[in-house]
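A.B. asks: Sharing a structure, written as structure tokens. Questions coming.
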Amino acid sequence: MPQERAQRLVQRLFQADMWCGWGVRTLSAKNPAYNPISYQRGSVWPVDNSLIAVGLKRYGYHQEVNRIAEGIFAAASYFEAGRMPELFGGTERKSCGFPVPYTDANIPQAWSAGSIFLLIRAILGLKANALHRQLKVQPSLPEWLPDVELTNLSVADATVALRFWREGEQTRWEVTDVNGELHVSAD
């Protein structure tokens, strides 16, 4: 997609009728069919939001990736044991509010649980190439996530441990352990 189209899409996704604070809704709040607690007419799906975040990262929209991750992670904190439901209501996030559960949602839902890992991958900009034994990183930690440590990350038959941290506005990283043949570099 050309960069100018990506920019227009990003701007659209974060307008108030699409972005509710917990994530991107499935339908605009301005649409006559909008219902924030319906299955597909205004709810928030964690898996869809994680896929949006990966696309945003690809086009260099790091702050927007972090915004989606913060919304989904905040929502997860309200569900029992952090178990992500299939979807939840696309109601607007308020300081004294919480995400509205969708009555018939599967809890936990495997793809929603996996969305957390995909969001972490997007924040850290991880790209593995097992065939060439490479791992590229392009981290951009938000203020609300000042450090992250990954251990036992597998790429081909190698494992690696990585540490990421913020220094001012910059994200730094280092390899703390590697077992096997693996080249780790900045993307």
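The values are calculated or read from the model by the stated rules, or taken from the named source; none is laboratory data. All of these numbers come straight from a predicted model, not from anything done at the bench. Positions of Cβ are generated from backbone atoms using ideal geometry, with glycine treated the same way; all protein chains shown enter the neighbour counts.
A.B. asks: Give the number of residues within the stretch 93-140 that are part of a loop (DSSP other than H, G, I, E, B) and of a type outside the set (Gly, Ala, Ser). Full working, then the answer.
C.D. replies: Initial filter on the stretch 93-140 (part of a loop (DSSP other than H, G, I, E, B)): 93-100, 102-109, 125-126, 130-133, 138-140.
Going one step further and asking which of them are of a type outside the set (Gly, Ala, Ser), we end up with 93-94, 96, 98-100, 102-104, 106-109, 126, 131-133, 138-139.
Number satisfying all stated conditions: 19.
Rundown of residues vs (1) surrounded by fewer than 17 Cβ atoms within 10 Å (Cβ to Cβ); (2) of a type in the set (Phe, Trp, Tyr); (3) under 18 Å from residue 24 (Cα atoms), yes/no style:
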{"position": "112", "(1), (2), (3)": "no, no, yes"}
{"position": "124", "(1), (2), (3)": "no, no, no"}
{"position": "146", "(1), (2), (3)": "yes, no, no"}
{"position": "160", "(1), (2), (3)": "no, no, no"}
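A.B. asks: Given the structure, is residue 112 within 22 Å of residue 125 (Cα to Cα), touching a Pro at 6+ places or on another chain (Cβ under 6 Å) and either not small (Gly, Ala, Ser) or not assigned by TED's automatic domain parsing to the domain that holds residue 146 (or both)? Explain how you work it out, then say what you get.
C.D. replies: Numbers: within 22 Å of residue 125 (Cα to Cα): yes; touching a Pro at 6+ places or on another chain (Cβ under 6 Å): yes; either not small (Gly, Ala, Ser) or not assigned by TED's automatic domain parsing to the domain that holds residue 146 (or both): yes.
For residue 112, the condition - within 22 Å of residue 125 (Cα to Cα), touching a Pro at 6+ places or on another chain (Cβ under 6 Å) and either not small (Gly, Ala, Ser) or not assigned by TED's automatic domain parsing to the domain that holds residue 146 (or both) - is met.
A.B. asks: Restricting to the stretch 29-46, give me the number of residues that are crowded, with 16+ Cβ neighbours inside 10 Å and part of a loop (DSSP other than H, G, I, E, B).
C.D. replies: Going residue by residue through the stretch 29-46, those that are crowded, with 16+ Cβ neighbours inside 10 Å are 29, 34, 36-38, 41-46.
Narrowing the set further to residues that are part of a loop (DSSP other than H, G, I, E, B) leaves 29, 34, 36-38, 41-43, 45.
So the answer is 9.
A.B. asks: Collect the residues in the stretch 74-108 that are under 28 Å from residue 137 (Cα atoms) and not charged (D, E, K, R), keeping them in residue-number order. Talk me through it step by step, then tell me what you get.
C.D. replies: Step one: filter the stretch 74-108 for residues under 28 Å from residue 137 (Cα atoms), giving 74-77, 82-84.
74, 75, 76, 77, 82, 84, listed by residue number.
A.B. asks: Right, next: Do we find that residue 81 is touching a residue at least 24 places away in the same chain (Cβ under 8 Å) and surrounded by fewer than 18 Cβ atoms within 10 Å (Cβ to Cβ) in this structure? First the steps, then the outcome.
C.D. replies: Working: touching a residue at least 24 places away in the same chain (Cβ under 8 Å): no; surrounded by fewer than 18 Cβ atoms within 10 Å (Cβ to Cβ): yes.
Spelling it out, it is not the case that residue 81 is touching a residue at least 24 places away in the same chain (Cβ under 8 Å) and surrounded by fewer than 18 Cβ atoms within 10 Å (Cβ to Cβ).
A.B. asks: Which number in (1) of a type outside the set (Ser, Thr, Tyr); (2) modelled with pLDDT under 95; (3) farther than 20 Å from residue 69 by Cβ marks the one condition that residue 174 misses?
C.D. replies: Looking at each condition in turn, residue 174 falls short on (2).
A.B. asks: How about the stretch 1-15: which of its residues are without any contact (Cβ under 8 Å) to a residue 24 or more places away in the chain, in a loop (DSSP other than H, G, I, E, B) and under 16 Å from residue 64 (Cα atoms)?
C.D. replies: Scanning the stretch 1-15 gives a single hit, 15.
A.B. asks: Can you tell me which residues in the stretch 65-102 are modelled with pLDDT under 90 and among the β-branched types (Val, Ile, Thr)?
C.D. replies: Scanning the stretch 65-102 gives a single hit, 100.
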